[in-house]
Structures are given as structure tokens and as C-alpha cells.
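The values are calculated or read from the model by the stated rules, or taken from the named source; none is laboratory data. Note that this is a predicted model, so its numbers are computed, not measured. Methodologically, a virtual Cβ is constructed for each residue, glycine included, from the backbone with ideal geometry; neighbour enumeration extends over all protein chains shown. These accessible areas exclude ligands, DNA and RNA; they are computed on the full protein's heavy atoms, side chains included. Shrake-Rupley method; radii C 1.70, N 1.55, O 1.52, S 1.80 Å.
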Amino acid sequence: MICELVKKQRLSETIYDFTVRCPEMAAKAKPGQFLHILCGGDAYLRRPISICDVIGGRDIRFIFETRGKGTENLAKYKIGEKLDILGPLGNGFTIYPEDTDAILLIGGGIGIFPLLNLAKQCKGKATVLLGFRNKDAVLLADEFRAVSKNVFIATDDGSCGYHGFVTDVMQNITASNAVSRIYTCGPTPMMQKIAEMAASKNIPCQVSLEERMGCGVGACVTCTCKVNGANKRVCKDGPVFDGREVEWNG
Ligand SMILES: Cc1cc2nc3c(=O)[nH]c(=O)nc-3n(C[C@H](O)[C@H](O)[C@H](O)COP(=O)(O)OP(=O)(O)OC[C@H]3O[C@@H](n4cnc5c(N)ncnc54)[C@H](O)[C@@H]3O)c2cc1C
Ligand code: FES
């Protein structure tokens, strides 16, 4: 689908916040799904980027960090230019409106982006734990606060919020509160630890995996991971899986 870039903001040296006009995709988009974006120039393969938010029922917002040639080319697009985007792709998070106890959303680094729309859909019931390297890397904290019950920030160096990892904050919260469900996206070691801690406390946990992708639609097996003894495609069967079933070292 060809979508116009209607808003562009540079949030830091390497982080860009884009909004594209795409009413058909916006109508279907669920939290945790992603877009597969043709980034232009010599980046021939599309790059997967999570849906961060759906705005006004017709626009999709996504935020990305420039890492290599794909995201660097993408960052050069100007407002009014057109992007070639497939989506929404993947399964997305499953929300259970009947959850009554705390719902924890735990994000690390660029993994926080798909959690914003999820927090909104939790309708004020989400407690959000966001982990960053340091205070300069903290993003979207006020936007999460506006739609969540509580927001806790943790930084590796203690320059903002809790000094340590989001997993420590999770440990404290789950020690003294009943928790219905956990959703997480971020670095693999963080998600593995969260999934293991959740399993040990019998708390259902959905994890959003990140793998390099080719086609993005289940045809090339570039993105295979092991779930419950079987090969699964992160793009088509995921990216969201049950944390108890993911074989982290598989
Ligand atoms: C489902 C999904 C959702 C994503 N959502 C976002 C998002 O919302 N915002 C965002 O900034 N990024 C997101 N990513 C990661 C993003 O797709 C990669 O950063 C991007 O494809 C890198 O492309 P590039 O051409 O810029 O870098 P490349 O030149 O392809 O790679 C640069 C470096 O990044 C590493 N890398 C590339 N792709 C991945 C990957 N999938 N996982 C881990 N490391 C990778 C490479 O190993 C290399 O070290 C997501 C990935 C997936 C699978
Ligand atoms: S990227 Fe091709 S099967 Fe997932």
C-alpha cells in the first residue's frame, strides 16, 4: 500500500517518529502487529517496524531507531512523500477485557513502541514498566502516563527512575500484588527473564519476539524460531507468543 508521510519528528540523534496516512491499515491494526516497510535507496528488502499507535482511525504512527542502511534510508523521507508499506502483519497481542488484577506491560529500549497502543487498549488498567540505558534514552514516558494506571521507569545507570533493570521492578510488583497478565517486548535476555519469572509465579505472559525478516508474510522462513517444540515464523505465527512456550535457546 502506498501511504503518505504526514508527520515526522526526530526524537533523538537516532530515533525518528513517523505518522503515515493509511485508513485501510489503520482500521485493521491491532497492538503488537507490525508494518513491513520498503525503505528506499539500495535497501531492497522491507524492514519490519511495530505499529506504535493508531491516530484518528486513519493514520498509523511508528517509531524507529536508525541501525543500518534500511532505517537510515527511511529516516530521509520528507513529509508529503509516499512510502510503500505492507500491513498490518503478524498476530499482535491478545487482550483479555475480563482481567481484573494488575496488567503489567514491560518494555525495554525500542521494545517500548508497540506497548503504547496496547496501554491505550487496556483502558487505564495497565501498569507500565519501561527500561532504558540512561535518562537521555527515555522516550514516551508522558504519553504512557496519560493512558496508564502507573508508569515506572528504570535505567541501567540510575540517571532516571529506578537504578537497575525492569525485571527488578517486576519482581517487587509481583511480590506484593496480584497480576492477571504480563506483556513484554524488548531485548531477548530481558524477555526471557520476564517469561521465566512469570512462569514461576503462574502469570500468563505474552512476549513479542524480534528476528531478522525477509518476506514478512510467512514465505521464506528467515524468521524461524522454536516454540513448543515446533518451528514457527515470527512474521506470520508471531511476533507475539506465549512466554512459557518459547524455547529461548532453541
Ligand atoms: C516484528 C518486529 C518489529 C520491530 N519493530 C521495531 C520498531 O518499532 N522500532 C525499531 O526501531 N525497530 C524495530 N524492529 C527492528 C528493525 O526491524 C531493525 O532495526 C531493522 O530491520 C534494521 O534494518 P537496517 O537496514 O537499518 O539495519 P541492518 O543493516 O539490516 O542491520 C543493522 C544492525 O541491526 C541488526 N538487526 C537488524 N534487524 C534486526 C532484528 N530484527 N532484530 C535484531 N537485530 C537486528 C543487525 O544484526 C545489525 O547489527 C522490529 C523488528 C521486528 C522483527
Ligand atoms: S520473514 Fe519470511 S517467513 Fe518470516
Restricting to Cα pairs under 8 Å and 6 or more apart, the percent relative contact order of region 102-207 works out to 29 percent
Computed from the beta carbon distance with a Förster radius of 35 Å, FRET efficiency for Thr224 and Lys201 to the nearest 0.05 stands at 0.75
For the chain, longest principal axis from Cα atoms; helix 166-176 axis from its Cα atoms; angle between them, nearest 10 degrees, is 40 degrees
Region 162-205 and region 1-63 have their Cα centres apart by a whole-number Å value of 29 Å
Taking the chain and a Cβ-Cβ threshold of 4.7 Å, the cysteines left without a partner are Cys39, Cys52, Cys122, Cys160, Cys185, Cys205, Cys223, Cys225, Cys235
Rounded to the nearest 10 degrees, the helix 188-200 long axis (Cα) sits at an angle to the longest Cα principal axis of the chain of 40 degrees
Quick calc, region 2-89, dipole around Cα centre from Cβ unit charges on Lys, Arg (+) and Asp, Glu (-), nearest 20 debye, gives 80 debye
For region 39-56, Karplus-derived ³J(HN,Hα) couplings (6.51, -1.76, 1.60; θ = phi - 60°; whole Hz; x for glycine and proline) come out as 8, x, x, 8, 8, 6, 7, 5, 10, x, 9, 5, 6, 8, 7, 10, 10, x
Sorted by chain and number, the residues with a modelled amide H under 5 Å from that of Phe93, at a separation of 5 or more or across chains, are Gly32, Gln33
Violations at 27 Å Cα threshold for listed pairs Lys76/Lys149; Lys201/Lys236; Lys123/Lys201 -> Lys76/Lys149; Lys201/Lys236
With a 1.4 angstrom probe the carbon and sulfur portion of accessible area for region 102-207, in percent, totals 50 percent
Length gained if Asp242 through Thr188 is fully extended, taking 0.36 nm per residue and subtracting the Cα-Cα distance, is 18.0 nm
For Ser176, placing the label point 7 angstrom along Cα-to-beta-carbon and taking region 80-121, residues whose amide nitrogen sits under 18 Å are 102-104
For the Asn249, Ile2 Cβ pair and Förster radius 51 Å, calculated FRET efficiency rounded to 0.05 is 0.80
Once normalised by the length of the chain, the mean sequence separation of its alpha carbon contacts under 8 Å that are 6 or more apart gives a contact order in percent of 17 percent
Sorted largest first, the Cα spans of the chain on the principal axes come out in Å as 50, 40, 34
Residue-normalised 222 nm signal for the chain, counting each DSSP H run of n ≥ 4 as -39,500 (n - 2.57), nearest 500 deg cm²/dmol, is -6000 deg cm²/dmol
For the chain, the charge dipole (Cβ of Lys, Arg +1; Cβ of Asp, Glu -1; about the Cα centre) points to a positive end, and the Cα of Cys215, Ser148, Thr184 closest to that extreme belongs to Cys215
In this structure, the FRET efficiency calculated for Thr14 and Asp101 from their beta-carbon separation, with R0 = 30 Å, to the nearest 0.05, is 0.20
The answer for the chain, accessible area per residue at 1.4 Å probe in Å², is 46 Å²
